[in-house]
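Accompanying notes for the structure given below.
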Amino acid sequence: MSLIVPKCMKCLTEIKGDEEVFVQLKYPKRKGFTEIKAFLNLEGKFICKACSTKINI
């Protein structure tokens, strides 16, 4: 169980596993290995599939 629950930044619905999402984030300055889920939760903003079709992404 994760402590950080990813949510859509538009409608605030919870993002579930294997759901298609769009992530807005800045390109990292450094290179290296990282845990991708932790990086996305800390640095990214999620947009769910339903909201992305509404705003034509």
Neighbouring Cβ atoms within 10 Å as the yardstick, rank F46, F22, F39 fewest first. F39, F22, F46
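Please work out how much length the chain gains when fully extended from L3 to E35, using 0.36 nm per residue of separation minus the C-alpha to C-alpha distance, in nm with one decimal. If you can, show how the numbers build up before the last one.
Details: separation 32, 0.36 × 32 = 11.52 nm, distance 1.47 nm.
Length gained, L3 through E35: 10.1 nm.
By count of other Cβ within 10 Å, fewest leading, how are K37, K7, K31 ordered?
Details: K37 11, K7 14, K31 6.
So the residues, fewest neighbours to most, are K31, K37, K7.
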Please check the chain for the longest run free of GluC sites (Glu not before Pro) that are loop-located per DSSP (anything but H, G, I, E, B) and have at most 11 other Cβ atoms within 10 Å. 36-57
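Taken together, the values in this text are just the output of simple stated rules run on the coordinates, not laboratory data. These numbers were taken from a predicted model, which means no experiment stands behind them. When we count neighbours, we look across all protein chains shown, and the Cβ atoms used for this are built from the backbone with ideal geometry, even at glycine.
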